[in-house]
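The next block holds one structure in the form of structure tokens; read it before the comments.
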Amino acid sequence: ATWSSVATGDFHTCATRSTGRLYCWGADHYGELGNGGTNTERHAPVLVFGGVTTWTSVSAGSEHTCARRSTGRLFCWGNDFNGGLGDGGTNAERHIPVQVAGGVTTWASVTGGSYQTCARRSRGRLYCWGADSNEELGDGPGNTEQPAPVRVG
């Protein structure tokens, strides 16, 4: 199998294989490797929890990771500081992938930042969630963190 996509965060890297499996390695301070582990640094790729074979793309934020499945569903894991995982507001560290709130099946791409994430749907609409201290979510004035996707502009 060959590597299909790759993303690097501050201290971790993740990549998809042509088999649809997803692997991560490096620091695991907040569960950003997604292997269900105990925040243990990994020096070689480890399979993301669940052994799913439908991962199509991955994005690594500073301390979290998000990835898209061929079903169009989006999952995130790692540090949920300020709601950056988009799972609805738990702000709890996640060591395995959790689906982004809303059950949407039309996610086309995703990118992770420091404490926020943005993703595009198949019809071109853009959504962001997480920290908004510098208005980086693009949802208007207010500097209010969003624990679930909000539409940009």
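Some observations on this one:
- Residue check for Gly140: over 26 Å from Thr13 (Cα atoms) and at pLDDT below 95: yes
- Test: residue in the range 80-98 that is farther than 24 Å from Gly124 by Cα, surrounded by fewer than 24 Cβ atoms within 10 Å (Cβ to Cβ), among the β-branched types (Val, Ile, Thr) and more than 13 Å from the chain's Cα centre (by Cα): yes
- Residues of the range 113-145 that turn out to be in contact with a strand residue (DSSP E or B) (Cβ under 7 Å, 6 or more places away or on another chain) and open to solvent by 20 Å² or more (accessible area, probe 1.4 Å), as a count: 13
The values are calculated or read from the model by the stated rules, or taken from the named source; none is laboratory data. Because the structure is a prediction, the values reported are computed rather than measured. Here Cβ is always computed from backbone atoms with ideal geometry, including for glycine, and neighbour counts include all displayed protein chains. The protein model used for the area step is the full one, side chains on, heavy atoms only, and it has no ligands, DNA or RNA in it. Shrake-Rupley method; radii C 1.70, N 1.55, O 1.52, S 1.80 Å.
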